[in-house]
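The values are calculated or read from the model by the stated rules, or taken from the named source; none is laboratory data. Since the structure is predicted, the reported quantities are computational estimates derived from the model, not experimental observations. All Cβ positions, even for glycine, are placed from backbone atoms using ideal geometry, and neighbour counts span all protein chains on display.
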């Protein structure tokens, strides 16, 4: 029976011209901007996009004019398909930039795929990420009358092999160093508090993930911390912010691990590696390092195989 594994993600700009498309589609997502009126949401999304596009383009210029997420995704797809072998194909479908779900489903229908395994590339569930990507896929499948059997993964932060990939990156970042000299700071993408108050389990799952990793590797560090990055606007976001936590770690050596990301992108390679590196220096952090995301590592590929097999 022909099968497909579809890796779902928000996507990212392939070039500077796509930055506006990315922002416009993101802020038009009702999971991100929960305004009931589609027309009003479109107006607000257009306003926010115009306010942010110039600054966003500058960050992507620093990264060579595009997001690295797309290259990592392509390599991950190739490696995972090769590893699974047989009749199983692997594709990526993005939420806000190409390749969009519509085109991926067209190919699956042409290949007469009977079973589809959906793996959103977010380790922790949130309506703003996981559910947004799943609803996008199911919505297109319904419109296109694609009637395969669907299986979905809602979170995988507690998968042992995935955490092998995380620990591998943490160890890689401090290879040859004395771990006890460092504080390990997990940085998660922030979320407006209103989502948590509405029942979104994201915060609880991130905290559970930190506890799991603390059991595995925390004893090797001076101490373990959790903070949140990437908040925008004046509303209340999850705390403490990364700024606040770095201020508390003045005079210390700090290793940051981007716990809510599996693929490096502008929020890791620009925000964490560049913006917060300078901020850490200003705040008096003795040494500041950032670990890489799992990306297309062989260990992460094995984790995805395990995640896929556990849904069979």
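The sole residue among 179, 146 that is in the same structural domain as residue 253 (by TED's automatic domain parsing) and surrounded by 14 or more Cβ atoms within 10 Å (Cβ to Cβ) is 179.
When you look at residue 173, is it surrounded by 16 or more Cβ atoms within 10 Å (Cβ to Cβ) and under 24 Å from residue 238 (Cα atoms), yes or no? The answer is no for residue 173. Whenever a residue of the range 202-215 is more than 12 Å from residue 191 (Cβ to Cβ), its partners that are part of a helix (DSSP H, G or I), lying with C-beta atoms within less than 8 angstrom and at least six residues away or across chains, give the pairs 212/163; 213/163; 213/166; 213/167. The residues of the range 136-169 that are part of a helix (DSSP H, G or I) and closer than 22 Å to residue 204 by Cα, listed by number, are 160, 161, 162, 163, 164, 165, 166, 167.
Considered as a group, the residues in the range 294-312 that are outside any helix (DSSP H, G or I) and either over 15 Å from the mean Cα position of the chain (by Cα) or modelled with pLDDT under 95 (or both) include one that is surrounded by the most Cβ atoms within 10 Å (Cβ to Cβ), and that residue is 297.
Note on the range 23-38: among residues that are over 13 Å from residue 133 (Cα atoms) and touching a helix residue (DSSP H, G or I) at 6+ places or on another chain (Cβ under 8 Å), the one that is surrounded by the fewest Cβ atoms within 10 Å (Cβ to Cβ) is 35. When residue 30 is tested against (1) free of Cβ contacts under 8 Å to residues at least 24 places away in the same chain; (2) in a helix (DSSP H, G or I); (3) closer than 20 Å to residue 230 by Cα, exactly one condition is not met: (2). The residue that is modelled with the lowest pLDDT, among those in the range 228-240 that are buried (at least 17 other Cβ atoms within 10 Å of the Cβ) and under 18 Å from residue 266 (Cα atoms), is 231.
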